Amino acid sequence: TSGPPASVAPVVTTQTASPVTRTSATVRGTVNPSGAQTTYWFEYSTDSLLGSVLLNTTQQRSAGAGTNASSVEANVSSLSGDTNYFYRLVARNSAGTVRGDDMTFTTK
């Protein structure tokens with residue numbers, strides 16, 4: 001007999017943040033859980049390397065266990081005005097953690 005199908009890592013795409021104000025932004029992306037229960041969150045920082053010292057994260061949320069990409073978003077607030085921020089979408093399931101491409105926005 002064959003065992004259960006092997007899990008596949010989620011597929012994530014980081015998208016453009018909108019709207020962006022002086023102190024907040026809505027970051028967006030898509031997550032495909034690839035058939036395994038998946039959680040997602042966004043990482044953001046003023047550090048272009050998204051290093052751990054200055055790294056902030058949004059609350060982890062469930063993306064379910066479907067096989068289609070779904071749009072996701074999170075609001076980040078208490079930002080500094082006229083500042084460049086770097087961000088990416090991250091998703092994790094039993095097959096691993098995947099980070100989307102780094103993107104940037106500038107507060108007003």
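The values are calculated or read from the model by the stated rules, or taken from the named source; none is laboratory data. Note that the coordinates shown come from a computational prediction; the quantities given were computed from them, not determined experimentally. No Cβ is skipped: glycine too gets one built from the backbone with ideal geometry, and neighbour counts run over all protein chains shown. These area figures cover heavy atoms from the full protein model, side chains too; ligands, DNA and RNA do not enter into them. Shrake-Rupley method; radii C 1.70, N 1.55, O 1.52, S 1.80 Å.
Annotation: per residue accessible area for the chain equals 55 Å², rounded to a whole number [probe 1.4 Å, protein chains only]. Net length available on complete extension from S71 to Q59 is 2.7 nm, with 0.36 nm assigned per residue and the Cα-Cα distance removed. Placing unit charges on the Cβ atoms only, positive for Lys and Arg and negative for Asp and Glu, gives the chain a dipole magnitude near 160 debye about its Cα centre. Backbone phi angles across the range 92-97, fed through the Karplus curve with coefficients 6.51, -1.76 and 1.60 (θ = phi - 60°), yield HN-Hα couplings of 9, 9, 5, 8, x, 10 Hz in residue order; Gly and Pro are listed as x. Label-to-label distance for V11 and T104 is 2.9 nm, based on points extended 7 Å past Cα in the beta-carbon direction. Using R0 = 22 Å, the C-beta based FRET efficiency linking T23 and S48 works out to 0.60. Under 14 Å from the Cβ of S80, count the other residues' Cβ atoms, weight Lys and Arg +1, Asp and Glu -1, and hand me the total. Around S80, the charge tally is 0. Would you mind telling me the share, in percent, of accessible area of the chain contributed by carbon and sulfur at probe 1.4 angstrom? For the chain, the apolar C and S fraction of the accessible surface comes to 47 percent. Amide H to amide H, with H built 1.01 Å from N, G35 comes under 5 Å of G66, T67, counting only residues 5 or more places away or on other chains. The orientation-averaged shadow of the Cα convex hull for the chain, equal to a quarter of the hull surface, comes to 6.8 nm².
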